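Heads up, the thing below is written out as structure tokens.
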Amino acid sequence: MRQRVRGLLAGARADRMLTNSAMLLATSALMAGFGALFWVLAARLYPAETVGVAGAIVAASDTLALFAQLGLNIAMVHTMPRSRHQAADVATAMLVVGSAAAVFALGYVLLLPLTSPRVHEVLGGPWGWALFVGLVAATAVNMLTDNVFLAIDRVRSYLWLNGLLLGTTKCLLPSLLAGAGALGLYGSAGGAALLCAVASVVVIFRRLPRRTRWRPSQELRGARGFAGAGYVTVVLALTPQLVLPLLVVNELGSAATAYFFVSLQVVALQNAVVVAVGNAMYAESERHPHRRTGIVRRGGVTMAVVCVLSAGAVWLVAPLLLHVFGPEYAAEGTSTLRVLSLSVVGLGLSYWAAMRLRLAHRPGAMVAAQVVGTTVVLVLSVSAVPHGTTWVAGALGVGYLAGGLVGLLVSRFVAPLHDAPRAVGEPDPVEAVAP
């Protein structure tokens, strides 16, 4: 029995998908833990109204940074294993993503008088706008480096930088900026992302071969269509994250937004587990396309188990988790947090189905499935927001589930996933170490 256990453990260590998933999960756990601590400190240092507005700004910043990826984060994982000009590819992608983030952030600021006067008031004049635009650009570059670490199989560096450096800095800044209001809270989160982005860029370029040309590789240029379809899917998936906080703050007020946003931060670890397993599964499948069906199968089982267990755990301890932020958060947000914890099951199904369609190179089907999920979320949320944040959380979960079911049906019957032919002379992979 002991030999059998040792054999299983050795096999797990030999499986790059599982080991990378474990390190991504550890990073996500640290990020979620530090993120929760950040908002606990914010809740203790600032009134709920200030936390609510700052939360809306942080959510908008993160969403705009994700919008600015333009599908390059997906394309980099797809092309980097085969690129002959990796450094030029990374430099080009960072320049494009940072510029796009600045443009999107400026557009968001200009629309704020119409979409959310309260947030516009907090950002104030040109200096506040410049801070927001700059930090959104830094956040976008930092997000891109996450995928670069995964593409070049340097997940350990991602763990140290995003798990520890980002979280520690993020939690130190609120006390230093106490009294600066909602803009100070946002500056704490954005400033930490800026520091982490700089450190990540330095580490990545030290790991890559020295750049011999400025032009990006043919592999990256040829992936424009693939990146575009992935980008459309990501934009559709992120639209609710941008819209829902604005719906809540406009309809229910800043305090309700604080309770809703803090609940979202608590379930961030659940969501991060889904993304970590899905991204590791995708990267490993791109490195070994001849055995991707087995990798995707293992990833799906892992994702399902973690989603169900985490949903049950958060449901049970929801009041205790929220009480850390303050008694009013536990009193007002427990039901919302419980419903949000269940929504991760739908998110897991949706993300896994999307990865299957991406690996099958069926971007149109992937976009169609995401259109269904996003449409259901937005339609239900608009109807649900007058009834409170718990109903909005339910709308989010139902939309995830709808999109996931459509994606799964399409990936099974319309765009099935197959292993690629093995290269001539390539040895069989060792899936596990025999006991």
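A few notes on this one:
- Each peptide in 402-413, 49-60, 102-113 gets a packing score, the mean of other Cβ atoms within 10 Å over its residues, and the list from highest to lowest is 49-60, 402-413, 102-113.
- Selection from THR239, SER200, VAL262 lying farthest towards where the dipole of the stretch 198-271 points positive, charges on Cβ: SER200
- Ratio Rg/Rh, restricted to the stretch 370-415 and using Cα atoms, in which Rh is the Kirkwood radius: 1.12
- The stretch 309-378: mean projected area of Cα convex hull, nm²: 5.8
- The stretch 89-190: mean projected area of Cα convex hull, nm²: 7.2
- Membrane-span-like helices in the chain, defined here as complete DSSP H runs extending at least 24 Å along the helix axis by their C-alpha atoms with mean Kyte-Doolittle hydropathy no lower than 0.0, are 16-45, 48-67, 86-115, 126-151, 181-207, 224-252, 268-287, 292-323, 327-359, 363-384, 389-413; this is a sequence and geometry rule, not a statement about a membrane.
- Volume per residue for the stretch 249-319 equals 100 cubic angstrom (convex hull of Cα atoms).
- Inter-part distance where the stretch 64-123 and the stretch 217-234 are each reduced to a Cα centre, Å: 14
- Carbon/sulfur fraction of accessible area - the chain, other protein chains in place, 1.4 Å, %: 68
- Radius of gyration and maximum dimension Dmax of the chain, Cα, Å: 21.3, 68
- Residue-span extension gain [SER99 to VAL324] - 0.36 nm each, minus C-alpha spacing: 77.1 nm
- Zero-based 5 Å bins, Cα pair distances in the stretch 42-82, whole percents: 5, 21, 15, 13, 11, 10, 8, 8, 5, 2, 0
- Relative contact order, whole percent, for the chain stands at 24, derived from Cα pairs under 8 Å and 6 or more residues apart.
- With semi-axes defined as the square roots of five times the eigenvalues of the C-alpha gyration tensor, the equivalent ellipsoid of the stretch 28-147 measures 30, 19, 10 Å, largest first.
- Dividing the helix sum by the residues of the chain, where each DSSP H run of 4 or more adds -39500 (n - 2.57), gives a mean residue ellipticity at 222 nm of -28000 deg cm²/dmol.
- Computed from label points 7 Å out along Cα-Cβ, the spacing between PHE413 and THR168 is 5.4 nm.
- Taking all pairs of distinct alpha-carbon atoms in the stretch 273-428, Kirkwood radius in angstrom: 16.9
The values are calculated or read from the model by the stated rules, or taken from the named source; none is laboratory data. Model, not experiment: these values are computed from the prediction. Neighbour counts are summed over all protein chains in view; Cβ atoms, including those assigned to glycine, are modelled from backbone coordinates with ideal geometry. For the accessible areas, the whole protein counts, side chains as well, though only heavy atoms, and no ligand, DNA or RNA atoms are used. Shrake-Rupley method; radii C 1.70, N 1.55, O 1.52, S 1.80 Å.
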